[in-house]
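K.L.:
Quick one: this structure, given as structure tokens, is what I'll be asking you about.
The values are calculated or read from the model by the stated rules, or taken from the named source; none is laboratory data. Keep in mind the model is a prediction, meaning the values are calculated, not measured. For neighbour counting, all protein chains shown are included, and Cβ atoms are generated from backbone atoms with ideal geometry for every residue, glycine included.
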Amino acid sequence: MSLLVTGGAGFIGSNFVLDWLANSDEPVVNLDALTYAGNLANLACLQGDARHVFVHGDICDRALIDRLLAEHRPRAIVHFAAESHVDRSIHGPGAFMRTNIEGTYTLLEAARAHWSALAADDKAAFRFHHVSTDEVYGSLKADDPPFAETNPYEPNSPYSASKAASDHLVRAWHHTYGLPVVTTNCSNNYGPYHFPEKLIPLMIVNALAGKALPVYGDGQQIRDWLYVKDHCSGIRAVLERGRLGETYNIGGWNEKANIDIVRTVCALLDELRPDSAGPYSRLITYVTDRPGHDRRYAIDARKIERELGWRPAETFDTGIRKTVQWYLDHPDWVADVQNGSYRDWLDRQYGAQAATA
Ligand code: NAD
Ligand code: TYD
């Protein structure tokens, strides 16, 4: 038995692969196109581990996916691969439409062909797990209840619209063809291996470099933060015990305003790596707001808690401290990302010929 993971060299995907192989000997076939967001250094500790098969390829490549399904016969596909950064989707939405919509469609069609031909037992056990976001539900007002699975879809950015489209495709492939799918919609993740274009890692690496900490607009936008390893345990629970065709929201009950996140990061750095120039909060700089910026996201995670007994292990205080410490302990990872040399990892670690599909 094995899993086919897409996007397993990205932030959440690599945490998932590492967690999976720490808890199980079931092999993982990891299909990733290694866009700017894919970083094989995240998986360096798996080099030489036969349980991890890395395949450099695109989820829009149907022939490649057909071949991987025929060769490895995975019992499940866990689909992380996506373009994931809202700001990039505003500047260039095309890649989001291609990967998030066409890529998910291609995977669904390949999965359907493969699943249809399985023997009855394997067919019943097969899962297509689609990893999605709370951003599909749109923006909440200050006194709205948090997003439940029944909330209408009201995506506002090219990113969230492309993820909403992919969620609809997954739903339709279940209702029309009976493909055994589960979908999870998660709130903002943070933790190790987070690419420093997103809020928390950007603030940590900029502060350490003495650079400005850019806070969009008034900094009062609210996100609901979940430690990435808690997201991974939520995915495992849904993959193993989730009801077919169902959606599960995953969140950490940690609603925080952006400015409070930035101040918390500064305070932790003041404690763990004090700067003789003064408190890191001196670097906070309010900048022009993101167009169409969603004001508030919040997740009602009661369904996954009630049905599957899942709970986050970290509070925000414990998770953010671990995260800041991780970045302090991994200056080489940060430097490789910042100077671009992480993009050479394919050749350095695997050899161009072995790794390219
Ligand atoms: P990420 O941008 O860090 O990683 C995405 C990975 O997908 C990268 O390794 C990239 O190389 C790969 N990829 C991109 N296009 C590809 C393609 N065409 N074919 C194959 N691989 C491709 O993203 P992330 O933050 O790890 O998010 C993973 C998933 O979780 C996404 O589907 C995202 O929508 C969802 N999600 C993320 C968050 C969050 O806070 N980061 C929250 C909720 C849901
Ligand atoms: P981000 O990490 O990009 O996640 P998302 O947009 O998917 O929620 O941003 C989190 C919040 O932080 C969001 O409200 C935008 C804000 N933000 C800033 O204020 N400054 C920044 O430099 C970045 C990257 C984000």
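K.L.:
Which residues, taken from the stretch 3-29, are of a type outside the set (V, I, T), more than 9 Å from ligand 1 (Cβ to nearest atom) and closer than 22 Å to Y105 by Cα? So that I can check it myself, show each step before the final result.
P.N.:
Our first condition is that a residue be of a type outside the set (V, I, T); within the stretch 3-29, this holds for 3-4, 7-11, 13-16, 18-27.
This time we only want the ones that are more than 9 Å from ligand 1 (Cβ to nearest atom), so: 3-4, 18-27.
L3, L4, listed by residue number.
K.L.:
Would you mention how many residues in the stretch 117-130 are more than 17 Å from M1 (Cβ to Cβ) and either touching a strand residue (DSSP E or B) at 6+ places or on another chain (Cβ under 9 Å) or touching a residue at least 12 places away in the same chain (Cβ under 8 Å) (or both)?
P.N.:
1
Per-residue answers, yes or no, for (1) within 23 Å of T247 (Cβ to Cβ); (2) outside any strand (DSSP E or B); (3) modelled with pLDDT of 95 or more:
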| site | (1), (2), (3) |
| --- | --- |
| A142 | no, yes, yes |
| Y153 | yes, yes, yes |
| N156 | yes, yes, yes |
| H174 | yes, yes, yes |
| H194 | no, yes, yes |
| R223 | yes, no, yes |
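K.L.:
Further, regarding this structure: Among the residues of the stretch 178-234, count how many are of a type in the set (A, V, I, L, M) and within 9 Å of ligand 2 (Cβ to nearest atom).
P.N.:
Within the stretch 178-234, the subset of a type in the set (A, V, I, L, M) is 179, 181-182, 199-200, 202-205, 207-209, 212-213, 215, 222, 226, 228.
After this cut, where a residue has to be within 9 Å of ligand 2 (Cβ to nearest atom) as well, the list is 199-200, 202-203, 213, 215, 222.
Summing the residues that are of a type in the set (A, V, I, L, M) and within 9 Å of ligand 2 (Cβ to nearest atom) in the stretch 178-234 gives 7.
K.L.:
Which one of these is over 20 Å from A301 (Cβ atoms) and away from ligand 1 (no atom under 14 Å from the Cβ): Y159, Y177, Y153, Y193?
P.N.:
On the way: Y159 fails: away from ligand 1 (no atom under 14 Å from the Cβ); Y153 fails: over 20 Å from A301 (Cβ atoms); Y193 fails: away from ligand 1 (no atom under 14 Å from the Cβ).
Going through Y159, Y177, Y153, Y193 in turn, the sole match is Y177.
K.L.:
Would you check which residues across the stretch 259-312 are of a type in the set (V, I, T) and either in a loop (DSSP other than H, G, I, E, B) or within 24 Å of the chain's Cα centre (by Cα) (or both) and list them? Before you say what the answer is, go through the steps one by one.
P.N.:
To start, the set of residues in the stretch 259-312 that are of a type in the set (V, I, T) comprises 259, 261-262, 264-265, 284-285, 287-288, 299, 304.
Scanning the stretch 259-312 gives I259, I261, V262, T264, V265, T288, I299, I304.
K.L.:
Still on this structure, I have one more. Is there a residue being at pLDDT 95 or above, buried (at least 20 other Cβ atoms within 10 Å of the Cβ) and farther than 24 Å from I90 by Cβ anywhere in the stretch 272-288? Talk me through it step by step, then tell me what you get.
P.N.:
Start the filter on the stretch 272-288 by keeping residues that are at pLDDT 95 or above, which leaves 272-288.
If we keep only those that are buried (at least 20 other Cβ atoms within 10 Å of the Cβ) too, we end up with 280, 283.
From what's left, farther than 24 Å from I90 by Cβ: 280, 283.
Yes: the stretch 272-288 contains one or more residues that are at pLDDT 95 or above, buried (at least 20 other Cβ atoms within 10 Å of the Cβ) and farther than 24 Å from I90 by Cβ.
K.L.:
Looking only at residues in the stretch 202-239 that are of a type in the set (G, A, S) and buried (at least 21 other Cβ atoms within 10 Å of the Cβ), which one is nearest to E255 (Cα to Cα)? Before you say what the answer is, go through the steps one by one.
P.N.:
Start the filter on the stretch 202-239 by keeping residues that are of a type in the set (G, A, S), which leaves 207, 209-210, 212, 217, 219, 233-234, 237.
Applying the additional criterion that residues be buried (at least 21 other Cβ atoms within 10 Å of the Cβ) yields 207, 234.
Details: A207: 23, G234: 18 Å.
Here the residue is G234.
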